[in-house]
Amino acid sequence: MSMIVSSIINLKGGVGKTISSINIAHILAVIHNKRVLLVDNDSQSNTTRFFNFYDSEELSISDIMNEDVDIEDVIVSTRYNNLDLIPANMSLLKANEALTRKNNDYKGKILKKALEKVKDKYDYCIIDNQPGINIGVINALIASNNVLIPIKIDKFAFDGMEELIIQIENAKKINSGLSLKGCFVTQFSRNNVNYQGEEFLNRNTNYPMFKAHIRKSVKVDESSFANKPILEHSKRCAAAKDYLELVEEYLKV
């Protein structure tokens, strides 16, 4: 099996993209014994900081986007078996700006070309994308087999969803194999707003939904401060069980 590439995307911030990317990748690696490459595609570099690899001087995804290096020189091993990382730093802002100014069709395919070089070394690649759409996120969509959308249900939960679907459809013109694998609710609380929001999503055929939702838990916040995946920090908490269920579904869908 060639490497399956999944982009975790939402145009909004604060919906749990980074926490979800880290925990999905960690569970695939340590529970399912998959070889996983986690890509930090966000200049805020929170995934990179989580694994204590942030360094403005070290090689990062910016160097891949600038086509300055071989992808294998950028990949670092985390402390977890089967889980490697392509780190990011703030230089990604400039790399994306420079790429945007280039006037060629190839600029959206740089990440895809780089990842193809390591497709036999990994089973899965999980890309943690920044909020919004820029040339880096377009690169991720063109490089991906599928998209996962975390949604936090609040007053503005569905803002940008239509635009995101349009961007996915646009990417399909170049990457015909791309699909929306599904959406999943994060920070789920047992209240009417969350139940109604989830029901709305389940009824809306534009957004395929995972059955698993990630319950709100202080343990998730604690885990991010402790720089530990939720399964390591508190494997019995609700959110840990939910992420385990989500990954089971992900592997079956």
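The values are calculated or read from the model by the stated rules, or taken from the named source; none is laboratory data. In this text, all values refer to a predicted model and were calculated from it rather than measured experimentally. With ideal geometry, Cβ positions are generated from the backbone for all residues, glycine too; neighbour counts draw on all protein chains shown.
If you go through region 124-156 and keep only what is charged (D, E, K, R) and touching a helix residue (DSSP H, G or I) at 6+ places or on another chain (Cβ under 8 Å), you end up with Asp128, Asp154. The residue that is farthest from Met3 (Cα to Cα), among those in region 107-151 that are among the small types (Gly, Ala, Ser) and crowded, with 24+ Cβ neighbours inside 10 Å, is Gly136.
For region 29-43, a residue qualifies if it is in contact (Cβ under 8 Å) with a residue 60 or more places away in the chain and out of contact with any helix residue (DSSP H, G or I) (no Cβ under 6 Å at 6 or more places or on another chain), and the qualifying residues are Val30, Ile31, His32, Arg35, Leu37, Val39, Asp42.
Just to be sure, is Ala25 over 30 Å from Glu222 (Cβ atoms) and small (Gly, Ala, Ser)? When the stated conditions are applied, Ala25 does not pass them. In region 153-176, of all residues being at pLDDT 90 or above and in contact with a Ser or Thr (Cβ under 9 Å, 6 or more places away or on another chain), the one that is nearest to Lys211 (Cα to Cα) corresponds to Ile168. The listed residues are Phe188, Phe210, Phe200, and the only one of them that is touching a Lys or Arg at 6+ places or on another chain (Cβ under 7 Å) and either among the aliphatic types (A, V, I, L, M) or surrounded by 12 or more Cβ atoms within 10 Å (Cβ to Cβ) (or both) turns out to be Phe188. Could you check region 152-169 and list, in sequence order, the residues that are surrounded by fewer than 15 Cβ atoms within 10 Å (Cβ to Cβ) and either β-branched (Val, Ile, Thr) or under 18 Å from Lys107 (Cβ atoms) (or both)? Passing the criteria: only Ile166. A single member of Ser62, Ser43 is crowded, with 20+ Cβ neighbours inside 10 Å and closer than 17 Å to Ala143 by Cα, and it is Ser62.
Among the conditions (1) within 14 Å of Ile24 (Cα to Cα); (2) surrounded by fewer than 16 Cβ atoms within 10 Å (Cβ to Cβ), Tyr243 misses just one, which is (2).
Within the span defined as region 97-106, every residue fails to be surrounded by 17 or more Cβ atoms within 10 Å (Cβ to Cβ), touching a Gly at 6+ places or on another chain (Cβ under 6 Å), within 18 Å of Ala171 (Cα to Cα) and touching a residue at least 12 places away in the same chain (Cβ under 8 Å).
If only residues of region 213-240 that are surrounded by 14 or more Cβ atoms within 10 Å (Cβ to Cβ) and among the acidic types (Asp, Glu) are counted, the one that is nearest to Tyr124 (Cα to Cα) is Glu232.
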